[in-house]
Amino acid sequence: MKGRSILLDHVGEREAAALMVDGKLEDLLIDDDSQPRPGAIFRAICDRPLKGQGGMMLRLPEGETAFLRQSKGLRPGQPMLVQVTGYTEAGKAVPVTDRVLFKSRYAIVTPGKPGVNVSRSIDDEEDRARISAIGHAVMEGIEHGLILRSSCAGADDDDIAEDIAAMADLANAVLNDLEGTEPEALTEGDGPHVLAWREWVSAAEVVTDEGCFEDHGVMDQIEALKSPFIDLGEGHMYVEATRALVAVDVNTGGDTSPAAALKANLAASRMLPRALRLRGLGGQLAVDFAPISKAHRKQVEQSLRASFRNDAIETSLVGWTTMGLFELQRKRERLPLAAILRGL
């Protein structure tokens, strides 16, 4: 399959979405019910503060617990709205924030932060003015703030307005459901099919036939992701998750030319965001690049920054250690693919 395509299917009984570019798997989403989805909103009940950490443990439905980093002004027993920010390791509290957002394809409604803002990536002044006017018209008389996403560029006026109104209505409904003495799930977060519509906004062929994953080779590519080995063309690398961190080892393979290490490291830098994204890996990462001079390290770091700049998952490039490893910190927005596949 040439070009860009979005496939909506199931893996086992689980909803799944795959983004393919020229027949190559570029992104993959598989649902999992072992933890609340990122983006889910709860009425949580404050349980106990964690002294020394500046946080509060919260009660969620069905005996789940959550951790909120900022606990100033909160008291045990107080209800509050929180939103899940990511996944966590087994046995740990669900990470949440009290800065609740309502996000869709074109709009993000931001309670408590008034104003209408248009994505900076939309640089056409006429389009910015058009999009801003739609936002102001729909949000007139509504106290919430609004962010209009880059996907609004070139989009139909009615589609944008409808999306804004839907998110504003949802925000009002959820915010009016704060009162209560017991924790309750107010939204469940978006599943893979909705996430694909929301986030994969570039033009693409959409395939919804049952069994399309098998028909278009997605299942074979998922099977290949079980291996830590990745052929870079210019050398290879291994991406392996341990209990403490994700370890990445870059090698030149059989190439013994003077530039082999730099070529392998640059290829690894370009490939790393995709490798992590498809495997659902986050947290702390340590990359053992092939040995290079300190003069070449800056070139590799520039390549890394360029690669992660286009990746949707927040990743901080920490820098080089004294032992020559490169450290990164990546948000846990997805469960590891290996854990999902084990549960099938």
Since ALA137 meets every condition but one in (1) surrounded by 17 or more Cβ atoms within 10 Å (Cβ to Cβ); (2) under 16 Å from ASP158 (Cα atoms); (3) in contact with a helix residue (DSSP H, G or I) (Cβ under 8 Å, 6 or more places away or on another chain); (4) not β-branched (Val, Ile, Thr), which condition does it not meet? (1)
State yes or no: is LEU344 hydrophobic (A, V, I, L, M, F, W, C), part of a strand (DSSP E or B) and either over 25 Å from LEU266 (Cα atoms) or in contact with a strand residue (DSSP E or B) (Cβ under 9 Å, 6 or more places away or on another chain) (or both)? no
Applying the selection to the range 117-129, what residues are part of a helix (DSSP H, G or I) and crowded, with 16+ Cβ neighbours inside 10 Å? ARG128
Would you be able to tell me the number of residues in the range 17-34 that are more than 15 Å from GLU223 (Cα to Cα) and under 20 Å from the mean Cα position of the chain (by Cα)? 8
I'd like the residue in the range 299-313 that is modelled with pLDDT under 95 and not hydrophobic (A, V, I, L, M, F, W, C) and, out of all such residues, is surrounded by the fewest Cβ atoms within 10 Å (Cβ to Cβ). ASN310
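Evaluate the following for ALA171: is it part of a helix (DSSP H, G or I), more than 30 Å from GLY23 (Cβ to Cβ), of a type in the set (A, V, I, L, M, F, W, C) and open to solvent by less than 40 Å² (accessible area, probe 1.4 Å)? Break it down into steps so the answer makes sense when it comes.
Working: part of a helix (DSSP H, G or I): yes; more than 30 Å from GLY23 (Cβ to Cβ): yes; of a type in the set (A, V, I, L, M, F, W, C): yes; open to solvent by less than 40 Å² (accessible area, probe 1.4 Å): yes.
In short, yes.
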Neighbours by Cβ (under 9 Å, 6+ apart or cross-chain): first from the range 76-88, without any contact (Cβ under 8 Å) to a residue 60 or more places away in the chain; second open to solvent by less than 20 Å² (accessible area, probe 1.4 Å) and not in a strand (DSSP E or B): VAL82/LEU60; VAL82/VAL100; GLN83/ALA40; GLN83/VAL100; GLN83/GLY189
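Is it fair to say SER34 is exposed (fewer than 14 other Cβ atoms within 10 Å of the Cβ) and touching a Leu at 6+ places or on another chain (Cβ under 9 Å)? It would help to see each step written out before you state the result.
Details: exposed (fewer than 14 other Cβ atoms within 10 Å of the Cβ): yes; touching a Leu at 6+ places or on another chain (Cβ under 9 Å): yes.
For SER34, the condition - exposed (fewer than 14 other Cβ atoms within 10 Å of the Cβ) and touching a Leu at 6+ places or on another chain (Cβ under 9 Å) - is met.
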Given (1) surrounded by fewer than 19 Cβ atoms within 10 Å (Cβ to Cβ); (2) in contact (Cβ under 8 Å) with a residue 40 or more places away in the chain; (3) within 14 Å of VAL94 (Cβ to Cβ), number of the condition ALA40 does not satisfy: (1)
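Tell me the residue from ARG243, ARG332, ARG270 that is touching a helix residue (DSSP H, G or I) at 6+ places or on another chain (Cβ under 8 Å) and either in a strand (DSSP E or B) or open to solvent by 50 Å² or more (accessible area, probe 1.4 Å) (or both), please.
Details: ARG243 fails: touching a helix residue (DSSP H, G or I) at 6+ places or on another chain (Cβ under 8 Å); ARG332 fails: touching a helix residue (DSSP H, G or I) at 6+ places or on another chain (Cβ under 8 Å).
When all the criteria are applied, what remains is ARG270.
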Number of the exception - GLN83 against (1) under 24 Å from the mean Cα position of the chain (by Cα); (2) surrounded by 17 or more Cβ atoms within 10 Å (Cβ to Cβ); (3) farther than 26 Å from LEU170 by Cα: (3)
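The values are calculated or read from the model by the stated rules, or taken from the named source; none is laboratory data. Computed from a predicted model, the values in this text were never measured in an experiment. Every residue, glycine as well, gets a Cβ built from its backbone with ideal geometry; the counts of neighbours run over all protein chains shown. Each accessible area value is taken on the protein alone, full model and side chains, heavy atoms only, with ligands, DNA and RNA left out. Shrake-Rupley method; radii C 1.70, N 1.55, O 1.52, S 1.80 Å.
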